[in-house]
Every structure is written in C-alpha cells, then in structure tokens.
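**Q** Supplied in structure tokens, the structure appears directly below.
Since every read-out is calculated from the coordinates, none of them should be taken as a lab result. Please read all numbers here as calculations on a predicted model, not as lab measurements. Cβ placement follows ideal geometry from the backbone for every residue including glycine, while neighbour counts extend to all protein chains displayed.
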Amino acid sequence: MVTEIRGGSESHNEASGVPALRLEDITKAFPGVRANDHITLEVGAGEILGLLGENGAGKSTLMNIVYGLQEPDSGSIFVRGEEVSIKTPHQAVAHGIGMVHQHFMLVPDMTVAENVALAPSLTPGLSRLSEVERELRELSKRFGLQVDPHATVGELPLGARQRVEIIKLLYRGAEILILDEPTAALTPEEWRELSLFLRSMADEGRSIIFITHKLDELFGLVDRCTVLRDGAVVGTVDIENTSKAALAKMMVGREVALRTERPIVEPGAPMLEVRDLTIEDGGRTLVSNVSFTVRAGEIFGVAGVGGNGQNELVDALVGLRPLTSGSLRIGGQDRSDLDPKKFTQAGGAVIPEDRHDEGLALDLTLLENLILKEVDSPAYSRRGLLNLRGAGDHAKTLLREYDIRAPGPSVAARTLSGGNQQKVILARELSRNPKLVIAFQPTRGLDIGAMEFVYRKLNEAKLAGAAVLLISFELDEILSLSDRFAVMAGGRFLATLSAEEADPERVGLLMGGEEQP
Amino acid sequence: MSDLTKSKIRQGVLDVALMLLVVVIALAIALVFIAIYGVSPGRAISAFLQGAFSGNFNLGSTLSKMVPLTLVALGWIVAFRGGRIQVGFPGQIITGGIFSSIVALKISLPIWLHLPLAVLAGMLGGGLCAWVAAWLWAKRGVNEILSTLLINLVMAQILDWWVQSPFHDPSTPLPQTRALPTSSLYPVLLTNTDLHWDIILLPVAVIVIAFVLARTVWGFKVRVCGANALVARHSGISPTRIGTQAMFWSGALAGLAGASLVLAGTTPAMGEVFEGGVGFNGIAVALLARNSPWGVIPAALLFAALAQGGQVMQATVNISSELVGIIQGLMIMLVLAATTMLYLTQRRRRKGPGERELVPPPELRGAELGATP
C-alpha cells in the first residue's frame with residue numbers, strides 16, 4: 001500500500017509540477033502574540049526544505065497547523081494542488097503527512113513492531129504483528145535503516161529510536177515528512193546516518209520539511225531554506241546560493257530593539273565564580289567546561305537557543321543538580337556541594353524558567369507563596385508555629401510594592417494572570433535583597449507591560465549591588481539588559497562579548513553553533 | 001465585606017451544596033433499589049432513621065462508629081496534603097490493633113497508665129506499618145499505592161495467624177484473643193451502649209489536624225510538598241523527608257483508629273475481622289469531605305449512620321445490609337465525578353487570557369485530571 005501511494009503521487013507531481021505541500025497565507029494569533037503572520041511556503045516532491053528560525057519564530061506553531069494539532073485563523077493548505085482542511089492529526093495522516101516530534105512518541109516497554117502497529121494506520125482494524133514485522137524489514141532494507149522489529153524501544157539508543165519514529169511514518173504511508181529539530185539528541189555519527197537516509201527518501205520522491213536552528217545542518221542536506229522571524233517569512237533561499245553568514249543574518253538580523261535604558265555601574269567583587277563546570281547525565285555531556293564570573297552590580301547574560309544546556313546549568317547553579325566536575329563559588333566561598341537551601345542562605349535568588357512548574361505552588365495562597373523560602377525565619381514562624389500576622393503584613397507590603405493585582409494575600413496563586421504570577425516570584429526573590437540573582441527566561445509569555453516591569457526590577461537589583469545572571473533565549477532581552485554576555489551552544493560557552501561589540505550576524509552564527517565566524 | 005470574603009463564602013456554599021446533592025442522589029438511587037426489592041421506601045427510611053439515631057443504644061453505636069472513620073479520614077488527609085496517596089489504612093489499623101493487644105495482654109498496670117500506653121502502642125504500630133511503605137518510596141522509589149495495598153494483604157494474613165496461634169483464646173474455637181483486661185480498655189461513656197470515652201478523640205483529632213496543617217511550619221511544609229514538589233525542593237524543603245513524615249503520621253492516625261476498634265469494641269477482645277472495612281471507608285469519608293479536616297465530621301457521621309442504620313434496617317424490614325454498601329459505593333463515585341466536574345469547570349472559567357495555552361498544544365500534554373485537588 002505504501003508503495004502504491006508513493007508511486008501515484010510521484011507521477012502526478014512530475015506530470016503537473018504541482019508542489020507536494022503548499023501553505024498559503026497562514027495566520028495564527030494567540031493572545032498578545034501573532035505566532036504566524038501570513039506565512040506562505042511550499043515544498044516540492046523529492047525536495048528537502050529547511051525551516052530555520054529562533055525560538056518563538058513560529059516554526060512549531062506552523063507545523064502544528066499542518067499536522068492538525070492547531071487550527072489556523074486564516075489561510076489555506078494545499079496537498080498536491082488540492083485544497084484540504086486538516087483538523088486532526090488523523091486527517092493529516094490521511095493526506096500523507098507525517099511528523100516526527102522533538103520528543104519521541106514511543107512506548108518504551110514495547111517492541112519496535114508493536115510501536116509501529118500502535119500508530120493509527122490508513123487501514124483501521126487489527127494489523128497482524130507478523131505482517132507489520134515483514135513490512136518493517138522491507139522498509140528498512142529499502143532505505144538502509146537499521147531497525148530490528150523485535151528490539152524493545154526502551155533499550156535502543158536515541159538515534160535508533162528516531163529511526164523507529166521515521167519508519168512509523170513510512171509505514172503509515174507518509175510522503176510529506178516533517179521533522180521538528182530532529183538532531184537535538186543525536187551524536188554526530190547518528191546525524192550523519194540520518195542525513196543520508198533523509199536524502200535517500202527524497203530521492204524516492206518524498207518531501208521533507210526539516211525544522212532546525214542549527215545552521216551547519218542545513219548545508220549538504222536541504223535544497224532550499226525558508227527563514228522565519230517573529231512569525232513571518234523573511235525569505236526563501238536556495239542553499240547553493242547562500243552562506244551561513246547570510247542565513248544567520250536573516251534569522252536574527254533585525255534592528256535590535258533596546259527595550260530599556262541600561263544603567264552603568266562600576267562592577268564590584270565577584271559574586272558568582274564558575275570554573276570548568278561540567279555536567280554529564282546518562283553518558284551525555286550536557287554542560288561542558290563552562291567558566292565565567294559575575295560581579296556585584298553587573299548583569300551577565302547567557303544567550304543561545306533553548307535546549308543547549310541552559311536548564312542543566314541553572315539547575316546546577318541553584319543546587320538542584322550535582323556538578324560532574326568543576327567548581328562553584330558564591331560570594332567568595334566555595335559552594336561546589338550546593339543544595340537549594342545553601343543557595344538561598346548564601347544570598348541567592350532564582351527566577352525559574354517555568355513559573356508554574358518551578359516558581360509557584362499554584363494551589364497555595366499568595367501569602368504562602370511569598371514566605372516559601374523564609375518560613376523558618378523568626379519573622380514568619382516561632383517555635384514551629386506560623387506567624388500569620390507577620391506573613392500577612394509582609395505579603396500586603398509586597399503586593400503593593402510589586403504592584404501585584406490580586407484581591408488580597410489569601411487568594412490562590414492559580415487565580416492570577418501570568419504577569420502577576422511572575423511578579424509574585426519577583427517579589428519573593430528580590431525582596432530578600434539577594435547578592436546573586438539567577439533569572440532564567442524571566443519574561444517568558446509576558447505582555448509588554450509585565451516585561452518592562454521585570455526589566456526594571458532586574459536593573460534595580462543590579463543597582464542595589466546584586467550580581468545578576470540572565471539566561472534567555474531572546475537575543476533582544478540579552479542585549480537590552482546585559483553588560484556582558486556569553487553565547488551558549490551545545491553545552492559550551494562559545495564566546496563572551498560585551499553588549500557594545502555584539503553584531504547580530506556574529507551572534508547569530510554563534511547561536512547556530514559556529515565557533516569562530 | 002470584601003469581594004474576596006464573598007467569593008470564598010460563595011465557593012464554600014457551592015462545595016457544601018454539591019456534597020449534599022451527591023448524598024441526596026445516592027440515597028434516591030438506593031430507594032429505587034429498595035422499591036425493586038419489594039419494600040415500601042417509607043418503611044425503609046423510617047427503619048433506617050430509627051436504626052441510626054433513635055434511642056441511646058442506636059445513637060451511641062452510630063457515634064462510636066464515627067471515631068475510627070474520622071481518624072482514618074484524617075490520616076488520609078495528612079498524607080494526601082503532602083502529595084502521598086497511601087491506601088494502607090486496613091493494614092495500619094491491624095498493626096495498631098496488634099500492638100495495642102500486646103500491651104493490653106502482656107503488661108498489667110493501673111488504668112491511667114495501661115490504657116494510654118496501649119493507645120500509644122497502637123499509634124506506633126500504625127505509624128511503623130506506614131513507615132515501611134514510606135521508606136520503600138523514599139529510598140527505592142516504590143510507588144506507595146502499590147506497597148501499602150500489598151502490605152494490607154500481608155497484615156490481614158498476620159492477623160489471622162495472630163488470633164489463631166500466639167494470642168488465641170484457648171477457651172473458644174473462635175479466632176480471637178483472650179479478653180483484654182479492663183485496665184486497658186476505654187471506659188464506657190454511656191451505660192448500656194457501645195459509646196466509649198474514645199469519642200473525645202473525634203473533636204480533638206479534627207482540631208489538632210486542622211491546626212497542624214493550617215498553622216504550623218511542619219503543616220505548611222507538608223502542603224508545599226503536596227502542592228508542588230519541585231517548588232518545595234527550590235525552597236530547601238525535602239519532599240521525600242516531609243512525605244515520609246506525613247505517611248508516618250497518617251499511619252499513626254490509622255493505628256489510633258485500630259486501638260479504638262480493639263479497646264473500645266463491642267467485645268473486649270481482638271477478633272479476626274475487627275478492622276471491618278473501616279480502612280477503606282475512611283478514605284471515602286475523606287473524599288466526601290473533600291480533604292477538609294472539618295468536613296470529615298459530617299461525612300463520618302453519614303457513613304457511620306449508614307452502617308448502623310443499615311444493620312437495623314436489615315433486622316427490622318429484612319433488607320440486605322449489602323444495600324448500604326451500594327449506597328456508599330454510589331456516593332464515592334458521585335463525589336469523585338462531582339469533584340472532577342467542579343475542577344474542570346473552574347479551569348475552563350479561568351482559562352481566559354492565559355499565556356500558557358501557547359505551547360505545547362493541549363493534545364500533546366497528558367490528561368490533567370490526575371491533578372484533581
């Protein structure tokens with residue numbers, strides 16, 4: 001059946017020259033942000049199209065629309081020249097569209113064949129496992145994909161699991177394949193195999209959309225590349241007529257919008273000193289030999305695309321994850337055996353990346369969330385009993401000072417808007433007059449007003465003599481706030497720059513993992 | 001009155017109304033069964049009400065049945081607020097009873113020392129039984145639902161052996177211990193009834209648990225761990241340590257219930273079936289009370305009345321007491337359904353201008369029903 005569909009489409013496409021998939025004028029708005037702004041792009045049969053863009057450029061939203069996970073506000077989708085409406089992933093599959101998600105959707109306890117049989121196929125009903133296995137063997141042979149149908153998925157290395165994901169799509173008859181940042185977890189060798197395999201599939205007439213933010217992956221693989229920025233298409237280029245530098249500039253090269261005045265303070269003593277910090281987990285090196293110093297009265301930025309070791313770095317700096325090697329000093333004292341309590345006692349404050357998962361206990365009240373880290377202090381408890389009056393006064397003061405719009409300190413944190421929730425976290429962390437502030441994506445999902453508030457508070461902390469470490473995926477944010485910043489890619493710091501010497505092209509190349517432009 | 005107080009009161013009224021509705025629906029369905037059974041609903045209702053509340057004896061029995069139910073429900077609440085779902089109450093009640101019976105039978109002391117010691121032993125037994133599961137969870141990552149469930153089976157077998165072999169009363173073929181000395185028993189509060197002095201545990205335990213959870217630092221930490229373990233870790237609170245402690249005290253409350261069942265029972269001996277389903281019914285009481293310590297009192301009253309009234313109903317109008325089981329089961333299902341529905345509608349209302357709906361698409365996230373508060 002698989003063969004039939006492919007053969008049919010191939011001849012159809014070659015005859016008419018109609019693109020396999022065409023998106024026209026796709027627009028999708030979320031409250032406060034236009035994720036996709038009149039996007040038009042197409043991919044032909046036998047073509048590999050790169051889709052390049054920073055975090056939040058709208059790549060994932062666009063592909064979720066194609067795959068039927070989200071509905072566009074306007075625009076049309078054409079598959080082989082015919083307009084289609086895709087409301088569910090099932091319909092996408094019926095149109096021959098398959099998607100490999102960044103996070104694999106496999107059942108680890110089942111074998112490869114069982115996982116493939118699980119996927120909704122074009123022929124509903126029971127498929128015989130032996131037949132699935134036979135077909136899998138054929139597919140693996142044809143594409144040179146090494147996949148053992150009897151292997152248990154949980155025991156396979158990541159590269160092999162990805163092959164299973166792809167073969168699942170082939171089994172379902174996909175001829176338009178979307179791969180969402182497929183290389184995040186791959187070793188170089190696995191990546192080489194994957195690229196060869198993708199090429200062989202394209203040679204058979206399938207179309208592939210390859211989503212990435214890594215520049216060097218595009219060269220030698222894709223035919224054309226469409227660049228997205230802020231939800232809109234910046235341009236589509238033939239890969240042969242372009243360079244990494246040109247693509248980097250397209251990806252980030254807007255006029256940097258400085259969103260705030262950056263106060264200049266003479267930096268004081270080093271508050272955070274990190275030397276050769278390395279974090280390994282399950283045989284993979286997530287953070288590799290990172291060294292930097294943040295001084296009092298300074299904002300040090302870490303730029304980079306998400307998933308390049310930032311989460312692990314932050315977890316280690318606040319004591320949630322042990323260092324594999326390297327050392328850590330806070331306020332001049334060795335803190336290599338840090339835990340969150342010691343971090344707080346050393347004057348550390350953290351604004352975590354995900355306020356719902358890590359920042360707030362949503363079902364507890366604002367008052368309770370505000371005293372979380374200081375509940376043992378005499379101001380809020382005495383002999384094991386909470387001092388509700390002290391905590392209440394504290395909460396009321398903070399609600400006023402941080403302009404938190406809430407009916408009162410005894411409402412659940414869940415009832416507040418995202419911006420006000422973030423203010424609660426800022427209030428808890430910054431009101432302790434910290435010596436070191438670690439802010440990880442502090443404006444994620446906030447509107448402009450709340451964003452400016454966060455920037456002001458971080459600058460105030462800096463003026464008050466705190467050392468601020470700002471980790472952000474938004475280059476604008478880094479450039480607006482940081483006195484100096486490093487670019488992180490692949491778990492390493494590639495370069496440390498001052499805000500003045502950063503030009504978008506160079507930073508774009510660094511963020512794409514190009515060491516020295 | 002501020003808007004905040006008003007909305008809180010509105011929420012409270014809504015909660016109570018919802019639970020009352022659940023009770024009424026469950027009873028209405030039960031009446032349908034009674035009618036099918038061929039008994040006039042009017043007769044059944046009056047038999048039930050008389051059985052549960054009329055006369056010193058019936059009222060005393062109802063109140064005395066409330067005590068262990070309340071204690072177990074409070075135990076569930078302590079563990080649940082700490083994010084732990086332990087269902088080992090039957091096993092912990094049995095362990096508590098065994099510990100109490102040892103102190104009662106093997107030591108002789110004056111009552112002012114003997115009874116408290118037997119009661120404390122019961123608490124210790126229940127706490128230790130829960131601690132085994134807590135330890136497995138904290139150190140080895142064993143799911144506490146599974147381990148407590150399995151420990152229940154083990155404890156039931158141990159009790160069987162206990163009352164047939166080492167502690168068996170040789171003067172009777174029944175599987176039960178020798179009569180416990182009066183100095184180890186709760187004195188009767190109301191003569192010619194089953195109501196013993198352990199009834200004072202009911203208000204005391206509710207007040208203590210409500211106070212501990214709301215006003216102490218330990219209770220605060222328990223609630224933080226239950227609300228968000230990662231936030232707890234960020235705040236220097238160890239969810240494994242606090243969770244282990246919460247499970248110990250949860251078990252201790254079940255052990256206290258076990259001590260009551262043995263030391264304030266209808267017969268002054270520990271039999272093979274003294275647990276009598278209290279362990280799981282206590283969980284249902286906590287669910288009906290929506291995990292509020294104060295709500296436990298009316299919920300336990302209802303379940304105790306159902307049990308007592310059901311027994312009498314069986315004797316007077318010849319309706320199987322299994323019917324009571326049907327009513328209790330219906331209530332549990334309806335409570336869960338109503339709580340989930342309430343949670344969903346509240347979520348939908350709050351969704352409004354959220355920023356979280358951006359990524360990832362809801363289809364890719366797991367079902368969030370597991371997080372029903």
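**Q** Which of rounded, prolate, oblate describes the stretch B:1-130, given a ≥ b ≥ c as roots of the alpha-carbon gyration tensor eigenvalues and a/c under 1.5 marking rounded, otherwise prolate only if a/b is larger than b/c?
**A** Oblate, because a/c is 1.5 or more while a/b does not exceed b/c.
**Q** Here is a further query. Stretched out fully, how many nm does the piece from B:Ala35 to B:Met333 gain, at 0.36 nm a residue minus the Cα gap?
**A** 105.1 nm is the gain from fully extending B:Ala35 to B:Met333.
**Q** Still on this structure: Roughly how many debye, to the nearest 20, is the charge dipole of the stretch A:156-307 about its Cα centre, given +1 on each Lys and Arg Cβ, -1 on each Asp and Glu Cβ, and no other charges?
**A** The calculated dipole for the stretch A:156-307 is roughly 200 debye.
**Q** According to the square roots a ≥ b ≥ c of the eigenvalues of the Cα gyration tensor, what is the shape class of the stretch A:285-353, taking rounded for a/c under 1.5, prolate for a/b larger than b/c otherwise, and oblate for the remainder?
**A** It comes out rounded by the Cα gyration axes.
**Q** Which shape class applies to the stretch A:190-325: rounded if a/c is under 1.5, otherwise prolate when a/b exceeds b/c and oblate if not, where a ≥ b ≥ c are the square roots of the Cα gyration tensor eigenvalues?
**A** Cα axes put the stretch A:190-325 in the oblate bin.
**Q** Just to be sure I understand: of the beta bridges DSSP finds with both ends in the protein assembly as shown, what percent are antiparallel, rounded to 5?
**A** Close to 60 percent.
**Q** Shifting gears a bit: Compare the Cα positions of B:Thr266, A:Ala466, A:Phe143 along the charge dipole of the protein assembly as shown (+1 at Cβ of Lys, Arg; -1 at Cβ of Asp, Glu; about the Cα centre) and return the one farthest towards the positive end.
**A** B:Thr266
**Q** Now, a different point. Consider just the alpha-carbon atoms of the stretch A:257-414 and return their Rg together with their Dmax, both in angstrom.
**A** 18.4, 52
**Q** Using a 10 angstrom Cβ neighbour count of at most 15 plus a DSSP loop assignment to flag exposed trypsin sites (Lys or Arg not before Pro), which longest range of chain B is free of such sites?
**A** B:1-355
**Q** Also, I was wondering about something else. Along its three principal axes, how long is the stretch B:169-254 when you only count alpha carbons? Whole Å, largest extent first please.
**A** Taking the Cα atoms of the stretch B:169-254, the three principal extents are 60, 30, 18 Å.
**Q** Could you work out [θ]222 nm for the protein assembly as shown from helices alone, using -39500 (n - 2.57) per DSSP H run of at least four and dividing by all its residues? Round to the nearest 500 deg cm²/dmol.
**A** -16000 deg cm²/dmol
**Q** I've got another one for you. Find which of A:Leu323, A:Asn420, A:Asn311 sits farthest along the positive direction of the dipole of the stretch A:286-440, computed with +1 on the beta-carbon of Lys and Arg, -1 on that of Asp and Glu, about the Cα centre.
**A** A:Asn420
**Q** Further, regarding this structure: When chain B is treated as a GNM, springs tying every alpha-carbon pair under 10 Å, which of B:Leu288, B:Leu20, B:Leu124 comes out with the largest mean-square fluctuation?
**A** B:Leu20
**Q** Along the Cα-to-C-beta direction of A:Ser74, a point sits 7 Å from the Cα; which residues of the stretch A:23-45 have their amide N less than 18 Å from that point?
**A** A:23-41
**Q** Ok, one more. What angle do you read, to the nearest 10 degrees and between 0 and 90, between the alpha-carbon axis of helix A:158-171 and the longest principal axis of chain A?
**A** Taking the Cα atoms of chain A, the angle to A:158-171 is about 40 degrees.
**Q** Roughly how many debye, to the nearest 20, is the charge dipole of the protein assembly as shown about its Cα centre, given +1 on each Lys and Arg Cβ, -1 on each Asp and Glu Cβ, and no other charges?
**A** 3540
**Q** Which entries of A:Lys396/A:Lys435; A:Lys396/B:Lys6; A:Lys396/A:Lys462; A:Lys423/B:Lys221; A:Lys87/A:Lys249; A:Lys214/A:Lys373 show an alpha-carbon separation above 30 angstrom in the structure shown?
**A** Violating the 30 Å Cα-Cα cut-off are A:Lys87/A:Lys249; A:Lys214/A:Lys373.
**Q** What number results when the radius of gyration of the protein assembly as shown, computed over Cα atoms, is divided by 2.2 N^0.38 Å?
**A** Relative to the rule-of-thumb radius for its length, the protein assembly as shown sits at 1.13.
**Q** Let me ask something else. With each pseudo-label sitting 7 Å past Cα toward Cβ, what's the A:Glu155-B:Ile111 distance in nm, one decimal?
**A** My value for the distance between the label points is 6.7 nm.
**Q** Calculate, for A:Arg432 and A:Glu452, the FRET efficiency according to 1/(1 + (r/R0)^6) with r their C-beta to C-beta distance and R0 30 Å; round to the nearest 0.05.
**A** FRET efficiency, A:Arg432 to A:Glu452: 0.85.
**Q** Once Rh is set to the Kirkwood radius over Cα pairs, what Stokes-Einstein translational diffusion coefficient, in µm²/s, holds for chain B at a temperature of 25 °C and a viscosity of 0.890 mPa s?
**A** Translational diffusion coefficient: 111 µm²/s.
**Q** With axes computed from alpha carbons, what is the tilt in degrees of helix B:322-351 against the longest principal axis of chain B, rounded to the nearest 10 within 0 to 90?
**A** Helix B:322-351 sits roughly 20 degrees off the main axis of chain B.
**Q** Then there is this: Evaluate the distance, in nm, between pseudo-label points positioned 7 Å from the Cα of B:Ile158 and of A:Asp476 along their respective Cα→Cβ axes.
**A** The two pseudo-label positions are separated by 6.4 nm.
**Q** A further question on this structure: In debye, nearest 20, what is the charge dipole magnitude of the stretch A:20-75 about its Cα centre with +1 on Lys and Arg Cβ and -1 on Asp and Glu Cβ, if you could check?
**A** 120
**Q** Are there GluC sites (Glu not before Pro) in the stretch A:415-517 that DSSP marks as loop and that have at most 15 other Cβ atoms within 10 Å, and which are they?
**A** Within the stretch A:415-517, the qualifying GluC sites (Glu not before Pro) (loop, at most 15 other Cβ atoms within 10 Å) are A:Glu515.
**Q** So what is the relative contact order of chain A, in percent, for Cα pairs below 8 Å that sit 6 or more residues apart?
**A** 15
**Q** Against the longest alpha carbon principal axis of chain A, how many degrees, from 0 to 90 and to the nearest 10, is the axis of helix A:188-203 turned?
**A** 40
**Q** May I pose another question? HN-Hα J couplings of the stretch B:73-78 from phi, Karplus 6.51/-1.76/1.60, θ = phi - 60°, integer Hz, Gly and Pro as x?
**A** 4, 5, x, 4, 5, 4
**Q** Oh, and also: What number does chain A give for Rg over Rh if you use C-alpha atoms and the Kirkwood radius?
**A** Value, to two decimals: 1.01.
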